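Notes follow the structure.
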Amino acid sequence: MEPELAAAFGRYLLTVADDELVLGYRDSEWTAVAPMVEEDVAFSSLAQDEIGHARLFYMLAGELLDADPDHLALLRPKGEYYHARLLEVRATPRYVESGEHLGGGDWALAVARRYLYDLFDDLRTEALLGSSWKPLAGAVQKVRREETYHLRHGATWWTALARGRGESPARLAAVLDARWPDLLGLFEEAPGEDALQAAGLLGRRTSLLRDPWLERVAARCEPLGLPFPWRRVDDGWELMVDPVLGGRQGRHGAGWDELYEEMTMVRRLEPEGVW
């Protein structure tokens, strides 16, 4: 692989790995505070899967960038992480050391983010199966087997909230109204994706996953009466909200500083340690 392509491909794989790591970390925060015991276990398992997938992609990126996977995961400067900004938003409640609840917590956000991200990631990994780089295509097969269960879990909760009694449908609708711009940030491209697709290393550029994703999401919103602020036109979809971009370029929101410090704290205490 030519050096320029290897560098661009490694950079692209960091966006995938960072998505998985950051979402996995945020999902892990539901352990012991989820609405029911079963979801303490379920979200912990989902988080563990995502962090395992992140490590797999960091290892592949490390081969291309001649870098240590653990360094890529937990020792880069905070402006060199390329996850979509939606994934860094905190959804769990806040507590102090005494155990006092300080408020916050949005289960509907956690459910909607995970499910809609998984619908996106399913399209992304499907496209990566066709990569001409065999180590990536082979690794993605394992990832997709595990992600099947993520999609089933998400679909169950999505329908339960949308059809539930009380305030759950309104809460899910409110999350969607507020987060559509952030969701569109998933489709921001990493630098050089056009060249990677031309070389056969990517089956489909990230931006080209948007319309198939919108088709899937429309089918899950419209029958349930959930807000969906786009409409079909002859050549695709007419967007009626502006995307929140910048994450794929290392520009993040107000919550990223705190999350970065928490996520990397242990590794930074002993950067050269062997675990």
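A few points about this structure:
- Subset of segment 179-198 (residues that are open to solvent by 60 Å² or more (accessible area, probe 1.4 Å) and either closer than 20 Å to Asp118 by Cα or modelled with pLDDT under 95 (or both)): Arg179
- Cβ pairs under 9 Å, 6+ apart, first in segment 1-15 and touching a residue at least 24 places away in the same chain (Cβ under 8 Å), second basic (Lys, Arg): Leu14/Arg76; Thr15/Arg248
- Between Leu176, Leu201, the distinction of being buried (at least 16 other Cβ atoms within 10 Å of the Cβ) and either of a type in the set (D, E, K, R) or assigned to a helix (DSSP H, G or I) (or both) belongs to Leu176 only.
- Out of Ala160, Ala112, sole residue that is at pLDDT 95 or above, small (Gly, Ala, Ser) and surrounded by fewer than 19 Cβ atoms within 10 Å (Cβ to Cβ): Ala160
- Being at pLDDT 95 or above and on the phi > 0 side of the Ramachandran plot is not true of Asp18.
- Answer residue from segment 89-109, given it is assigned to a loop (DSSP other than H, G, I, E, B) and at positive phi and is modelled with the lowest pLDDT among those: Gly99
- Candidates Gly246, Gly255, Gly250, Gly236: the one that is on the phi > 0 side of the Ramachandran plot and at pLDDT below 90 is Gly236.
- All positions within segment 229-263 that are aromatic (Phe, Trp, Tyr) and without any contact (Cβ under 8 Å) to a residue 24 or more places away in the chain: Trp230
- Pick from segment 204-232, criterion assigned to a helix (DSSP H, G or I), in contact with a strand residue (DSSP E or B) (Cβ under 8 Å, 6 or more places away or on another chain) and among the hydrophobic types (A, V, I, L, M, F, W, C), ranking: surrounded by the fewest Cβ atoms within 10 Å (Cβ to Cβ): Ala218
- Yes/no for Val140 being open to solvent by less than 10 Å² (accessible area, probe 1.4 Å), β-branched (Val, Ile, Thr), at pLDDT 95 or above and more than 23 Å from Val41 (Cα to Cα): yes
The values are calculated or read from the model by the stated rules, or taken from the named source; none is laboratory data. What you are looking at is a predicted structure, and each value in this text was computed from that prediction instead of being measured. In this analysis, Cβ positions are derived from the backbone assuming ideal geometry, glycine residues included, and neighbour counts consider all displayed protein chains. Protein only, heavy atoms only, side chains kept; ligands, DNA and RNA dropped before computing areas. Shrake-Rupley method; radii C 1.70, N 1.55, O 1.52, S 1.80 Å.
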